[in-house]
Structures are given as C-alpha cells and as structure tokens.
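Asker: Pasting a structure here, questions to come.
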Amino acid sequence: MATHKQYELVYIASPDATEEQLTELQTIVEGIVTKAEGVVDKVDVWGRRRLAYPIGRLKEGHYVVVLFSSEGTLVKELDRRLKVNDLIVRHLIVRVDEELQKAARAKSRRDAETARRRVARGLPPEPTPEELLAKQAALDSRDEAEG
C-alpha cells in the first residue's frame, strides 16, 4: 500500500452560485476524496471575496480551501472532475506534506541550536517557567509602552 500524502486544494466557485450549490459542490469534492480512500482533514470556507485579477467577466468568487490526505492517483481524478464542473472558476492542488516536513526539520534544528547555546552559557537546555514568565512580562510592558 502506498503512503498517503497531504494535499491542499483551493478552488474558486462562481459568485452566482447559491448556498445549496456550494454545499453540493463541497459534498462532491469530499465524496471524490473519500471514494478514493482519502481523508479530508480540514475544510475552510473563506466565503465571497474579490479576485486578484478579473477572470473573464468575473471580479468575485467563493473561495474554499480543502486539506486532504490521499495517494497521488487521486489528484489526477480530482483535477479532471474539477475542470469539467461549471461552478468552479479556478482550482489549484498543491502537495504540502514536504513543506511541513521541511518546516519541522528547521524548527528542530533551531531548538537544538538554542539548547546548545543555553548549555554553553551554563543554563538548562529548556527555559524555566520563571524565565518564560519574565519574558512575557517584558513583552507585555513593551506593548503597553508602545500603545
């Protein structure tokens, strides 16, 4: 069995679409993913927004972001099905798991470097609760002075 990869789908639906049509479209997308043994992790409906540039005669659209995990074969089928749907103005599918892994590796490197520097100064590798409270108090007082 192939491993599941994480993808992000962003689609823009026509501004003329009704709430029922948008709900049905969202159900169709989720059905395609689950039928191909994928998992919908998160659906974020941004609502009606202005487009960055006009597409045909349209200046607005309904934005929806779907985060899902599946095998790579689903992406081709999903792309094909979204292209033929009249309600969808534009769509984009991007693989995001590699970027998340890169960010996690960078964070672990930063954390290790911070711990190494703290130990070199004779401090414990992790900040103590007192240090964290003092840092938060300093940030709060700075915010009050600026505001």
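Every number in this text was worked out from the coordinates using simple rules, so none of it is lab data. Here the structure is a predicted model, which means the values were calculated and not measured. Don't worry about glycine lacking a Cβ; one is built from the backbone with ideal geometry, like all the others, and counts go over all protein chains shown.
Asker: Any idea what log10 I(q)/I(0) is at q = 0.12, 0.21, 0.27 Å⁻¹ for the range 44-119, Debye with uniform C-alpha scatterers and no solvent?
Answerer: Result of the Debye calculation: -0.57, -1.04, -1.26.
Asker: Using 0.36 nm per residue of separation minus the Cα-Cα distance, give me the extension gain between E144 and V119 in nm, one decimal.
Answerer: 5.7 nm
Asker: Let me ask something else. Restricting everything to alpha-carbon atoms, can you work out Rg to Rh for the range 21-147 with a Kirkwood hydrodynamic radius?
Answerer: Taking Rg over the Kirkwood Rh, I get 1.19.
Asker: Here's a follow-up. Find the all-direction average of the projected area of the Cα convex hull for the range 5-95, expressing the result in square nanometres with one decimal place.
Answerer: 5.4
Asker: Which three lengths, in whole Å and largest first, does the range 104-146 cover when its Cα atoms are put on their principal axes?
Answerer: So the three principal-axis extents are 34, 25, 15 Å.
Asker: Hey, another quick one. If you place +1 on the Cβ of every Lys and Arg and -1 on the Cβ of every Asp and Glu, how big does the dipole about the Cα centre of the range 51-133 come out, in debye to the nearest 20?
Answerer: Approximately 340 debye in magnitude.
Asker: Between the alpha-carbon centers of the range 120-147 and the range 33-75, tell me the distance in whole angstrom.
Answerer: Between the Cα centre of the range 120-147 and that of the range 33-75, the gap is 41 Å.
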